[in-house]
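Have a look at the structure below, then the notes.
The values are calculated or read from the model by the stated rules, or taken from the named source; none is laboratory data. Fair warning: this is a prediction, and the values are worked out from it, not measured in the lab. Please note: Cβ atoms are built from the backbone with ideal geometry, for glycine as well, and neighbour counts cover all protein chains shown. Just the protein is used for accessible areas: all its heavy atoms, side chains included, with ligands, DNA and RNA removed. Shrake-Rupley method; radii C 1.70, N 1.55, O 1.52, S 1.80 Å.
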Amino acid sequence: MPNRKDIPHIYKPLSPLAWLYSAGVWMRNRLFDRGILPVEEFSIPIISVGNLTVGGTGKTPQIEYLIELLSPHKRIAVLSRGYHRRSKGFVLATANSTAADIGDEPLQIFSKYPTITVAVDSNRRRGIKQLLQLSERPEVILLDDAHQHRYVHPTLSIVLCDYNRPIYADLSLPAGRLREPMSGLKRADIVLVTKCPHTLTDNELQYEAEQLHYPIDRLYASHIAYGAPYNIATKESQDIATIATQRNIIIFTGIANPTPMIEYVSKYTSHITVQSYPDHHIFTTQEIEKLALMVAQKEAIVITTEKDAARLRDLELPHQVIENSYILPLKTVVQPTKGKSEFDRLILQTVGIQA
């Protein structure tokens, strides 16, 4: 099997602190398991999409996958915490919402699927109760990044694990990126190994199951599929091969792990400049001015993500940036190993649809 255990973000000298952190997480989970801390169930199907690590496993594309699967059959609401928003409490997305109001990922989702309900609230129980009071009450609620939010008991829990950053080779915070130990997978109904570089064979999937100590019959795999880049203003799409042969490329992004995107664009050209910032980064005026200057000097095209575009839309962008910036869309594709239809059937069955 490929060796993916050399994870650069691990800081072993911090292992004693990681042990203390893990002990605190263990104690919190025991309090929930024994009913000392309250767990609330609700009358409608609730699907949680989460992970055990800090960022970068592909939760938003997976939420979008579920929206496209379920929205033809049910009224869908997405409830997120809304990272880095400036608002407080429960906020419902509207046509006038900005990333500052609801966060970049909820805004991305609402921009792509304006007919569904999108809301944010760090208190998920309160957020669910608010959604259930709406005149058009949702029939299914998708909880974004809620595996550690144990005050709500979901109908179905999906946990994502990045193939390229295996959790069985990671450490707890602050020595690594684990929010909780790998034993947290026991609460998951489905584990999805994401961002696979190829379709996993049966043997490779079995290897992942053994390393994760998770049942093979509830383990699935997925990969990223990129679409045609489209202009941030006009929405006009261009073939990436055409763009790459005609212009220099600036990859401009603030996401947890831009490596897959960089590797994808690198298939078409070596003339790439990367401007990468931390996840959910709020771009400054100076950074945008620097980008505009680079576009002019290099006669370049800017390629960014849908998530970054949600934040960029809050800014007054120079015309050089608007005219030459393209969004690279992506979606998650559940691999045929074990059968995509079986994965979809489990989801549909959860919300009462017989596939």
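Looking only at the stretch 261-284, count every residue that is touching a residue at least 12 places away in the same chain (Cβ under 8 Å), polar (S, T, N, Q) and either touching a Cys at 6+ places or on another chain (Cβ under 7 Å) or within 23 Å of Asp104 (Cα to Cα) (or both) and tell me the total.
2
For residues that are at pLDDT 95 or above and among the aromatic types (Phe, Trp, Tyr), scanning just the stretch 73-111, find the one that is surrounded by the most Cβ atoms within 10 Å (Cβ to Cβ).
Residue satisfying both the conditions and the ranking: Phe110.
Yes or no: the stretch 227-238 includes at least one residue that is modelled with pLDDT of 95 or more, within 20 Å of the chain's Cα centre (by Cα), buried (at least 17 other Cβ atoms within 10 Å of the Cβ) and closer than 29 Å to Val193 by Cα.
There is at least one residue in the stretch 227-238 that is modelled with pLDDT of 95 or more, within 20 Å of the chain's Cα centre (by Cα), buried (at least 17 other Cβ atoms within 10 Å of the Cβ) and closer than 29 Å to Val193 by Cα.
Against the definition (open to solvent by less than 10 Å² (accessible area, probe 1.4 Å), part of a helix (DSSP H, G or I) and farther than 18 Å from Gln148 by Cα), how does Leu200 come out, yes or no?
So Leu200 does not fit the description; no.
Looking at (1) part of a helix (DSSP H, G or I); (2) surrounded by 20 or more Cβ atoms within 10 Å (Cβ to Cβ), which is the only condition Tyr168 fails?
(2)
Just one of (1) of a type outside the set (Phe, Trp, Tyr); (2) in a loop (DSSP other than H, G, I, E, B); (3) open to solvent by less than 10 Å² (accessible area, probe 1.4 Å) trips up Ser135, so point out which.
Only one criterion is unmet by Ser135, namely (3).
Name the pairs: first residue in the stretch 237-260 and in a helix (DSSP H, G or I), second residue charged (D, E, K, R), Cβ to Cβ under 7 Å, at least 6 apart or on different chains?
Every condition considered, the pairs that remain are Pro260/Lys195.
Scan the stretch 138-159 for residues that are within 24 Å of Thr194 (Cα to Cα), of a type outside the set (Gly, Ala, Ser) and assigned to a strand (DSSP E or B) and jot them down.
Correct list: Val140, Ile141, Leu142, Leu143, Asp144, Leu156, Ile158, Val159.
Looking at Gln320, Gln275, can you tell me which residue is polar (S, T, N, Q), over 23 Å from Tyr226 (Cα atoms) and either open to solvent by 20 Å² or more (accessible area, probe 1.4 Å) or in a loop (DSSP other than H, G, I, E, B) (or both)?
None of the others qualify; the one that does is Gln320.
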